[in-house]
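S.K.: Sharing a structure here in structure tokens format.
The values are calculated or read from the model by the stated rules, or taken from the named source; none is laboratory data. Computed from a predicted model, the values in this text were never measured in an experiment. Cβ placement follows ideal geometry from the backbone for every residue including glycine, while neighbour counts extend to all protein chains displayed.
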Amino acid sequence: MGDKRIQILEVAEQLFAQKGYNLTSVRDIARQAGVNLAMISYYFGSKEKLLIALIVRRASYTHGILEEIEKNKTLSPPDKIEHLVDLYVDRIMNNYQFHRIVTLHLATIQSEEIREMLTDLRLKNYQQVKKIIMEGQKAKVFRKVDMEFTVDIIIGVLTQVTLFKTMYCRLMEIDKNDETAYQKKMIPKLKAHLKSLLKAHLEIKN
């Protein structure tokens with residue numbers, strides 16, 4: 001039965017990303033997942049609670065790993081920034097449909113509970129990144145920077161890549177339907193670019 005719950009979440013994520021939250025019905029999700037409406041009601045209760053479950057599933061994992069990176073005493077602040085980039089690129093590029101929901105369709109979601117939940121999760125992640133940067137500043141390896149916009153360097157680039165995948169496929173001469181080729185070429189390219197960008201932005205020697 002647990003497999004059905006995951007199946008419903010994965011189908012809902014796909015439809016929310018493609019059609020938007022408001023234009024996706026519970027009936028649409030049930031039909032594509034091959035389950036009846038009663039099963040969705042049993043697991044989630046409503047479409048809103050289904051989206052909340054999806055957010056918790058995707059976002060809580062990222063926060064946990066960020067916390068581990070920030071507290072790892074064996075890593076220097078520059079090493080932590082590199083690990084942070086790896087985490088964000090891997091999580092967003094391998095779950096780009098969820099990121100698309102959050103960035104493209106969030107404005108259409110009327111639920112204040114969901115908006116607040118996403119804001120809280122973003123702020124928690126931001127605080128972990130801020131701690132890493134402040135640690136580097138205290139160790140005199142990072143310069144003083146605008147915290148909010150520094151975090152947005154990562155999210156902004158990844159959002160651009162997520163929303164304009166077709167354009168990047170053309171630029172890199174990749175078939176837009178060949179997801180394996182896209183990931184293989186784009187992920188290392190993104191990691192190298194963001195690490196270089198943040199190194200130049202943060203480190204005092206630069």
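S.K.: May I ask you to list the residues in the range 126-159 that are among the polar types (S, T, N, Q) and at pLDDT 85 or above?
M.R.: Gln127, Gln128, Gln137, Thr150
S.K.: Output the qualifying pairs, or none if there are none: Cβ atoms under 8 angstrom, residues six or more apart or on different chains, first residue in the range 111-128 and within 13 Å of Val56 (Cα to Cα), second residue part of a helix (DSSP H, G or I) and among the polar types (S, T, N, Q).
M.R.: Leu121/Ser60
S.K.: What are the pairs with Cβ atoms under 9 angstrom where one residue, in the range 84-109, is under 15 Å from Gln183 (Cα atoms) and the other, located anywhere, is at pLDDT below 75? Sequence gap at least six, or different chains.
M.R.: That search, which allows pairs on different chains as well, returns Arg91/Tyr61.
S.K.: Would you mind telling me which numbered condition in (1) part of a helix (DSSP H, G or I); (2) under 17 Å from Ile109 (Cα atoms) Gln32 fails?
M.R.: Result: Gln32 passes all but (2).
S.K.: Show me the helices (runs of 4 or more DSSP H) found entirely inside the range 41-113 where at least 2 residues are in contact with a His (Cβ under 9 Å, 6 or more places away or on another chain).
M.R.: 47-71, 77-94
This table checks each residue for (1) among the basic types (Lys, Arg); (2) surrounded by 15 or more Cβ atoms within 10 Å (Cβ to Cβ).
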position	(1), (2)
Ile155	no, yes
Lys185	yes, yes
His193	no, no
Glu203	no, yes
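S.K.: Could you run through the range 133-155 and say how many residues are of a type in the set (Val, Ile, Thr) and over 17 Å from His193 (Cβ atoms)?
M.R.: 3
S.K.: Met167: more than 19 Å from Met93 (Cα to Cα), over 18 Å from the mean Cα position of the chain (by Cα) and modelled with pLDDT of 90 or more, yes or no?
M.R.: Answer is no for this residue.
S.K.: Keeping to the range 57-75, report how many residues are free of Cβ contacts under 8 Å to residues at least 12 places away in the same chain and of a type in the set (Val, Ile, Thr).
M.R.: 1
S.K.: If you take the residues in the range 115-145 that are in a helix (DSSP H, G or I) and of a type in the set (A, V, I, L, M), which one is surrounded by the fewest Cβ atoms within 10 Å (Cβ to Cβ)?
M.R.: Leu123
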